[in-house]
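Just below is one structure, and these are the notes that go with it.
The values are calculated or read from the model by the stated rules, or taken from the named source; none is laboratory data. The structure presented is a predicted model; accordingly, all values stated were derived computationally and were not measured. Positions of Cβ are generated from backbone atoms using ideal geometry, with glycine treated the same way; all protein chains shown enter the neighbour counts. Quick note on the areas: whole protein, heavy atoms, side chains included, nothing else; ligands and nucleic acids left out. Shrake-Rupley method; radii C 1.70, N 1.55, O 1.52, S 1.80 Å.
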Amino acid sequence: MSDMLTMTPEAVTDLIIGALMRSRTSQENAGSVALALLAAELAGQNGHGLRRVAAYAAQARSGKVDGFAIPSSEMLRPAALAIDAGNGFAYPAMDLALDWLPDATKKQGIAIAGIRRSHHCGVAGVVVEALAERGVAALMVANAPAAMAPWGGRRALFGTDPIAFAAPLSGAGPVVVDISLSKVARGKIMAAAQKGEPIPEGWALDPDGAPTTDANAAMAGTMIPLGDAKGTALALMVELLCAGLTGANYAWQATSFFEDKGDPPGTGQAIIAIDPDAFGPGGAERMALMADMVAGTEGARLPGRRRQQIRADYMENGIPVDADLAQSIRAIGV
């Protein structure tokens, strides 16, 4: 078992920026990626944090991801922004969406940003929470390379496809719902494979469709959907919204987020933002009423509170980081 270090948010950011800039990535893009991966670590989702740096850097070096891409946007309707990530990292493209959505939403009541030619979007909950902190409710869907078969089938057609939602609450931090449509996020299996650890049965199937506890066999096989057939129905909905609607690649057309070979993944994201006062003032208060009922139920926890507590703790006391992982990131591109 590797030793753990405690690192400041600034040190984690610098570590990521350095590795990416040594791997054919612009300073601006490296900074955007670093802030997103830091946010994943601060949310306690380390499968989407520092453990992604090696794959990101390898893909930038090989040109599978264009580390110098400058995303572009076009407002096709008053409430619809089309964003082309340019086969670069997803985060600079999502930054454009975050900049545009709050004002557009306040003007129109509702607005959508659709991103194509994109890449791994990290923790979707981070994006919608940032919008909720700017005063709008938000729903985000994203796809990923095929890892999940339609219920009853064997061929992977869907990604693990997250759905995230956040809403501003009066007098409290936002409620944040963030689920992947596989039983667990694929990043957890990737982290287990990197550490040489087994995974629990019930997470994934091997390439022959048999249950497995071998993380490497799981990475080569398919994920088990959340809620069985219901999970794959939701994954179909996500694919239609974030790829069918935007013109991005479907999961089955996308290449791996983990390997540096092949064409760019070209995946998509769709982010819908809603003014809480669209149907009259007091929306944040009405949403807080429901959230307070959940939070006040014995034994229950409001979605989002755990990640907010982890973030507060890590901001104050530092972020625990695997020492071997930190050392391997420092060695990238040297």
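What the table shows:
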item: Failed criterion for GLY280 (all others in (1) open to solvent by less than 40 Å² (accessible area, probe 1.4 Å); (2) touching a residue at least 12 places away in the same chain (Cβ under 8 Å) hold); result: (2)
item: All positions within segment 36-70 that are among the charged types (D, E, K, R), closer than 18 Å to GLU10 by Cα and either open to solvent by 20 Å² or more (accessible area, probe 1.4 Å) or not in a helix (DSSP H, G or I) (or both); result: ARG51
item: Residue identified as touching a helix residue (DSSP H, G or I) at 6+ places or on another chain (Cβ under 7 Å), under 30 Å from ASP208 (Cβ atoms) and at pLDDT 95 or above among ALA144, ALA138, ALA113, ALA164; result: ALA144
item: Selected residue (criterion: nearest to the chain's Cα centre (by Cα)) from residues of segment 268-286 that are over 15 Å from ALA113 (Cβ atoms) and either in a strand (DSSP E or B) or aliphatic (A, V, I, L, M) (or both); result: ALA284
item: Matching residues, segment 298-319, being open to solvent by 60 Å² or more (accessible area, probe 1.4 Å) and in a helix (DSSP H, G or I); result: ARG305, ARG306, GLN309, ARG311, ASP313, MET315, GLU316, ASN317
item: Selection count where residues are open to solvent by 50 Å² or more (accessible area, probe 1.4 Å) and in a strand (DSSP E or B), scope segment 71-105; result: 6
item: Strands (runs of 3 or more DSSP E) wholly inside segment 125-214 containing at least 2 residues that are surrounded by fewer than 24 Cβ atoms within 10 Å (Cβ to Cβ); result: 162-169, 172-180
